[in-house]
Amino acid sequence: MKRIFSIFMVFMIVLTIVPNTSSAQGGLFITSPKTINAISGDSIKIPVTIENLHDYDIYDIRVMLEIDDPEYVYLSDSASEYIEYIDSEDREKVRFEVEIDDLAPRGTYKVNVSLVYDGIVQDETIYIRVTSNPAGLNISKLDIIPDKTVHPGQKFNIGIELENLGDVLAENISVTLKGLSEDGIFLANGSSNQRIQSIPGGYKNYAVYQLEASKSLKHGSYPLELEIKYNGDIKEIHDININVQTDSDAKSNLIFEDLTFPSGTIGQNKEVNLNFNLRNQGQTEAKNILVKANSIEINGLVPKSLSQFKINSLLPNETVPVSFSFLTTNNSETRNYPVEIIVEYEDELSSPDERYSVNQFVGVFVDSGDSNQSTPKLIIDKYNFEPSLVEAGSNFTMNLSFFNTNSTKAVKNIKIFLTSDERTDTDSNSAGGSVFTPVDSSNTFYIDSIPPKGRVEKKITMFTVPDAQAKTYTLTANFEYEDSSAEEYTATELIGVPVVQQSKLDIGEVNVFPEAYVGQSTPISLEFYNTGKVSLYNMMVKIEGDFQTENGQYYVGNFESGNSEYFEGYVIPTDIGELTGEVVFSYEDSTGQNQEIRKEFALNVMEMMQEFPGEGEMPYDEFPEEGGSSTPKIIGGILAAIAIVAGIIVFKKRKKKQLEALEIDE
């Protein structure tokens, strides 16, 4: 019994140590490692041994290697090797060189080995296990704020989003912007070197530089270098190009704001003050600005102060106050005296013989005090709008007050109609059309009569076309009326209508992971769009809530009409459970009003979990057996076991005979 048990145990041991080989019906055996370990960026060699156990030679053998996922694991040389022949009971070796990509994710990659000979195809499978993917920082996004292009003399920010494409933590990160110069692109504020504590594998972080373009820059692309150092001795250089453009959309644009002048009647020999703010709402500095205020009827209204003066320059979004003084003369009649305000200027985008111009009319009504005058005057002594600032694309109500200045004579059969010489931009949707259109009425009023020193008030609802530019438009009120003697008169009055474009910010859905973990950065991202027709100024995006943030604030600056932006910040939860927060957008609209929009989000926070092999990824220590039959293994095991048992029996018999001979000798 002991001998039988010993033979059985030896047989089982032999089965467990039989080499890992495979074969097909042709009789060749493939011997190769089942698993080869590697890391990202490695070059490895896969050895394949083919053994001929037959008692005859085998000719014309083709060995081929095929990789299931060639994106990250690929052959650096031939995928096929030719063996002319293998002698009986002999073997041949071939090697295939395989490259592991630097960005290959951690996981298991399948490699198929095939033998083709004598019409037989024989397969074997090998697994390459990539155990780590080193850190690798890449520029995933480059933001130029407020626009994709930069204009000479403009201050701007560049935001650089760095992504760790590896599995390993990138830490002690130094990000340096190089290639800056005073006559090109230079720092407006801050340092050219920024430090980021760390970026985990698969995560992102953000670096922002405040720059300025030299005023002398010409149209073209200006290269900069971004040097990134991390993890002690790793250094990478990335090229960045800043496009400088001098297009017509970037020119300066001067507008009138807060215009004030006497709205009532003024007597003879009285001072008239005209005040307004001049603002540059363009993108380029306005230069050599000449401001003039001309009285059209010099016999009734004369300048008291200088009628023109010069402003050297006005930067984008800069405002300067302007005032003029006039004096009504002793000879002035009871009538309206118009004043034309003219502003002429140039900038770096204008040609040498080109100057921009913008003008505005105001009217000053003078009452001479002569109650016996024969001509009655009809004027608009006051007007206002509801709302006070007219929004493009909306209705507004215009309240008009018509005043008979004569103290003794009435006016009758009064016809008043409104006209405008200003049209919409030829490139707009309403090309060449009128800016204002009456709603449910005509632009004509009829008033039966107005007594001496009497008033009649009228309301009219107007619609402003959606693509009207933000500025003050002029409406003309045309009067046709008669006095008590049926004598006909005509007159005109000017009405200034300030139009603003409504700001509109559209915000996409907040993108969050369904689950987050305590102490781990979780990205919060979304896109937002300026779908209005005016810029949004000093825009800021930030994440608010009861948690720590990383890259939780993003300064957009001036957000131009039609542009889109992307924001991504990181939330670091400190406790498990539901976590809520808000992405807050704040900006100034075209009227200077502060606006704020909040977008809520929620996270389900859990404890950090232990990592397990991903779905579809094979455990490192277990791989399936593929290709070849198990019969040769069993046969080889049985033969080896029989040989070992036979050896043991022979050894014991010899030992017994030696002992018996020794006893006889004694």
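The values are calculated or read from the model by the stated rules, or taken from the named source; none is laboratory data. As the structure is a prediction and not an experimental result, all values here were calculated from the model. Neighbour counts run over all protein chains shown; Cβ positions are idealised from the backbone, glycine included.
Taking into account only those residues within segment 387-419 that are among the polar types (S, T, N, Q) and not in a strand (DSSP E or B), which is modelled with the highest pLDDT?
The initial filter retains those residues of segment 387-419 that are among the polar types (S, T, N, Q), namely 388, 394-395, 397, 399, 401, 404-408, 413, 419.
Next cut, not in a strand (DSSP E or B) only: 388, 394, 405-408.
Numbers: S388: 76, S394: 86, T405: 82, N406: 80, S407: 75, T408: 76.
Top of the filtered list is S394.
Pick out the one residue from I44, I58 that is assigned by TED's automatic domain parsing to the domain that holds V111, touching a residue at least 40 places away in the same chain (Cβ under 8 Å), among the aliphatic types (A, V, I, L, M) and over 30 Å from A135 (Cα atoms).
I58
Within segment 323-336, count every residue that is over 53 Å from the mean Cα position of the chain (by Cα) and surrounded by 15 or more Cβ atoms within 10 Å (Cβ to Cβ). Can you show your working first?
Let us first name the residues in segment 323-336 that are over 53 Å from the mean Cα position of the chain (by Cα), namely 327-336.
When the remaining residues are screened for being surrounded by 15 or more Cβ atoms within 10 Å (Cβ to Cβ), the result is 327-329, 332-336.
Adding up the residues that qualify gives 8.
From L349, L315, grab the single residue that is hydrophobic (A, V, I, L, M, F, W, C), loosely packed, with under 15 Cβ neighbours inside 10 Å and out of contact with any strand residue (DSSP E or B) (no Cβ under 6 Å at 6 or more places or on another chain).
On the way: L349 fails: loosely packed, with under 15 Cβ neighbours inside 10 Å.
Answer to the selection: L315.
Kindly provide the set of residues from segment 284-322 that are of a type outside the set (A, V, I, L, M, F, W, C) and either under 40 Å from the mean Cα position of the chain (by Cα) or at positive phi (or both), ordered by number.
Hits for segment 284-322 are T284, E285, K287, N288, N312, S313, P316, N317, E318, T319, P321.
Can you tell me how many residues in segment 427-470 are surrounded by fewer than 17 Cβ atoms within 10 Å (Cβ to Cβ), at pLDDT below 85 and out of contact with any Ser or Thr (no Cβ under 9 Å at 6 or more places or on another chain)?
4
Looking at segment 48-71, which of its residues are loosely packed, with under 13 Cβ neighbours inside 10 Å and under 15 Å from Y127 (Cβ atoms)?
Residues of segment 48-71 that are loosely packed, with under 13 Cβ neighbours inside 10 Å, as a first pass: 55-57, 59-60, 68, 70-71.
Correct list: D68 only.
Among F361, F365, which is the only one that is surrounded by 17 or more Cβ atoms within 10 Å (Cβ to Cβ) and in a strand (DSSP E or B)?
Checking each option against the conditions leaves just F365.
With the structure loaded, tell me whether D546 is closer than 30 Å to G393 by Cβ and touching a Leu at 6+ places or on another chain (Cβ under 8 Å) or whether it fails that test. Lay out the reasoning, then the answer.
Values: closer than 30 Å to G393 by Cβ: no; touching a Leu at 6+ places or on another chain (Cβ under 8 Å): yes.
Criteria not met by D546.
Looking only at segment 191-222, count every residue that is touching a residue at least 24 places away in the same chain (Cβ under 8 Å) and within 15 Å of F156 (Cα to Cα) and tell me the total.
Matching residues across segment 191-222 total 11.
Looking at (1) over 22 Å from G557 (Cα atoms); (2) surrounded by fewer than 18 Cβ atoms within 10 Å (Cβ to Cβ); (3) among the aromatic types (F, W, Y), which one does Y109 not meet, given that it meets all the others?
Only one criterion in (1) over 22 Å from G557 (Cα atoms); (2) surrounded by fewer than 18 Cβ atoms within 10 Å (Cβ to Cβ); (3) among the aromatic types (F, W, Y) is unmet by Y109, namely (2).
Quick check: anything in segment 458-470 farther than 15 Å from N399 by Cβ and polar (S, T, N, Q)?
Within segment 458-470 (the criterion being farther than 15 Å from N399 by Cβ and polar (S, T, N, Q)), the answer is yes, since at least one residue qualifies.
How do the strands (runs of 3 or more DSSP E) wholly within segment 280-351 filter down when requiring 3 or more residues that are outside the structural domain of F403 (by TED's automatic domain parsing) and within 30 Å of K453 (Cβ to Cβ): which remain?
319-328, 335-346
Tell me yes or no: at least one residue of segment 265-274 is in a strand (DSSP E or B), among the small types (G, A, S) and either farther than 20 Å from V362 by Cβ or not assigned by TED's automatic domain parsing to the domain that holds N404 (or both).
yes
Return the pair list, or none, for Cβ contacts closer than 6 Å from residues in segment 103-126 that are in the same structural domain as P33 (by TED's automatic domain parsing) to residues that are at pLDDT below 90 and of a type in the set (F, W, Y), at least 6 apart or on different chains.
What qualifies is A104/Y72; T108/Y127.
Being over 15 Å from the mean Cα position of the chain (by Cα) and in a strand (DSSP E or B) is the filter; apply it to segment 525-542 and report the residue that is surrounded by the most Cβ atoms within 10 Å (Cβ to Cβ).
L536
Quick one: which of G159, G220, G232, G153 is at pLDDT below 85 and closer than 27 Å to D102 by Cα?
G232
Tell me which residues, restricted to segment 373-412, are under 16 Å from E333 (Cα atoms) and among the small types (G, A, S).
The answer is S374, S407.
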